[in-house]
Amino acid sequence: MAIYAIGDVQGCYDALQRLLDIVKFEPPRDTLWLVGDLVNRGPQSLETLRFVKNLGSAAITVLGNHDLHLLVVAAGYSKKQHGDTLEDILHAPDRDELLHWLRQQKLMHASDGYAMVHAGLLPQWSIAQAAMLAHEVEKVMRAGGHDDLMRDMYGNEPRAWREDLKGYDRLRVIINAMTRMRLCTADGEMEFRHKLAPVAGTMPEGYMPWYDAPERASADTPVIFGHWASLGTLLRPDVIGLDSGCVWGRKLSALRLDDRRTFQCGCTGLRNTGSAQ
């Protein structure tokens, strides 16, 4: 049995199938971990969502910002953005079933000596605390109150975690860190504009990649993440970045957890114009 962690698919279903052929993926013997952003910007979001859903227990996915965007648009609390490719899902005969399934997915997953989240973890959160905070969001997403969460999810404030945060402010910080964050300060204040590779001198003063925050409480467990296409593949003992820009015409990446071997397939001919998000 092998576990393969796979970077942001974003509706690139054909590339995903090519990559699964390369690794010789065989469910239920093998398991996929997907870092989120199953949908949007690529040409086959509906096919991707149906495929992962139909894998059942052979696939574990965490929610990414584009997955949440789909849920918010479907709930009527946001308009589609330029470049969105969500129409096939929104008009599919199994739309409600797919959206219900998506709301049941995790915000963070931790097992087998690894943790997985779409974007990042704030420096003061241990893996255990982050898992509990993610579960707070998951409970609301899966319950009858999810519609109110969709309404109040968007926003950049508060930008930092406090233990005394309550209500949607508390949930919004958790969601923003785990699905949107790239940079933060040493004490965990988040920044959401910077999308370029983290080159010295290009980042806002006082900010750094979330995984480089000093004394990061989650550093004892390797964290697998995506979300940062301009960063590309990052392989370190403590963090593994797998967004290699498939939807931007670069590559889709997989990591086999037991030996940390990487596999990639090219994604040319997809969405290869514009800037990486």
³J(HN,Hα) computed for each position of region 155-160 - Karplus, 6.51 cos²θ - 1.76 cosθ + 1.60, integer Hz, glycine/proline x: x, 9, 10, x, 8, 9
Of the trypsin sites (Lys or Arg not before Pro) in region 184-254, those whose Cβ has at most 15 other Cβ within 10 Å and which sit in DSSP loop: Arg193, Lys195
Added length on full extension, which subtracts the Cα-Cα distance from 0.36 nm per residue, Gln81 to His135: 16.6 nm
Sparse-neighbourhood loop sites, trypsin sites (Lys or Arg not before Pro) in region 78-168 - DSSP loop, at most 14 other Cβ within 10 angstrom: Lys79, Lys80, Arg162, Lys166
Semi-axis lengths, Å, region 41-116, gyration tensor of Cα atoms, sqrt of 5 times eigenvalues: 23, 14, 11
In Hz, Karplus ³J(HN,Hα) per residue of region 73-79 (6.51, -1.76, 1.60; θ = phi - 60°; x = Gly, Pro): 4, 5, 7, x, 9, 7, 8
Cβ-based charge dipole, region 3-266, positive-most Cα from Leu16, Leu149, Thr31: Leu16
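Could you give the length gained on full extension between Thr268 and Met1, defined as 0.36 nm per residue of separation minus the Cα-Cα distance, in nm?
This chain segment gains 93.1 nm when fully extended.
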Cα-based convex hull, region 115-207, per residue volume (Å³, whole number): 104
Sequence-distant aspartates and glutamates (8 or more away, or on other chains) whose Cα lies within less than 16 Å of Lys251: Asp8, Asp14, Asp21, Asp37, Asp243
Local electrostatic count, Gly266, Cβ distance below 10 Å [Lys/Arg +1, Asp/Glu -1]: +3
Mean separation of Cα contacts under 8 Å (6+ apart) over length of region 3-266, as relative contact order %: 23
Under the Debye formula (equal points on every Cα, no solvent term), log10 I(q)/I(0) of the chain at q = 0.09, 0.14, 0.16 Å⁻¹: -0.37, -0.97, -1.31
Loop-located chymotrypsin sites (Phe, Trp or Tyr not before Pro) in region 114-192 whose Cβ has at most 15 other Cβ within 10 Å (DSSP): Tyr154, Phe192
Estimated vicinal HN-Hα couplings, Hz - region 8-24 in sequence order (Karplus 6.51, -1.76, 1.60; Gly, Pro = x): 4, 8, 6, x, 8, 4, 4, 5, 4, 5, 5, 5, 5, 5, 4, 8, 6
Given the chain, longest segment not containing exposed loop GluC sites (Glu not before Pro) (DSSP; at most 16 other Cβ within 10 Å): 1-162
Student exercise, the chain dipole from Lys, Arg, Asp, Glu Cβ charges, in Debye to nearest 20: 440
Point-to-point label distance, Leu234-Arg18, nm (Cα→Cβ direction, 7 Å offset): 2.6
Expected 222 nm ellipticity per residue - DSSP helices of 4 or more, -39500 (n - 2.57), all of the chain, to 500: -8500 deg cm²/dmol
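None of the figures in this text is laboratory data; all of them are computed from the coordinates on show. Quick caveat: nothing in here was measured; it's all calculated off a predicted structure. FYI the Cβ positions are ideal-geometry reconstructions off the backbone, even for glycines, and counts take in every protein chain you see.
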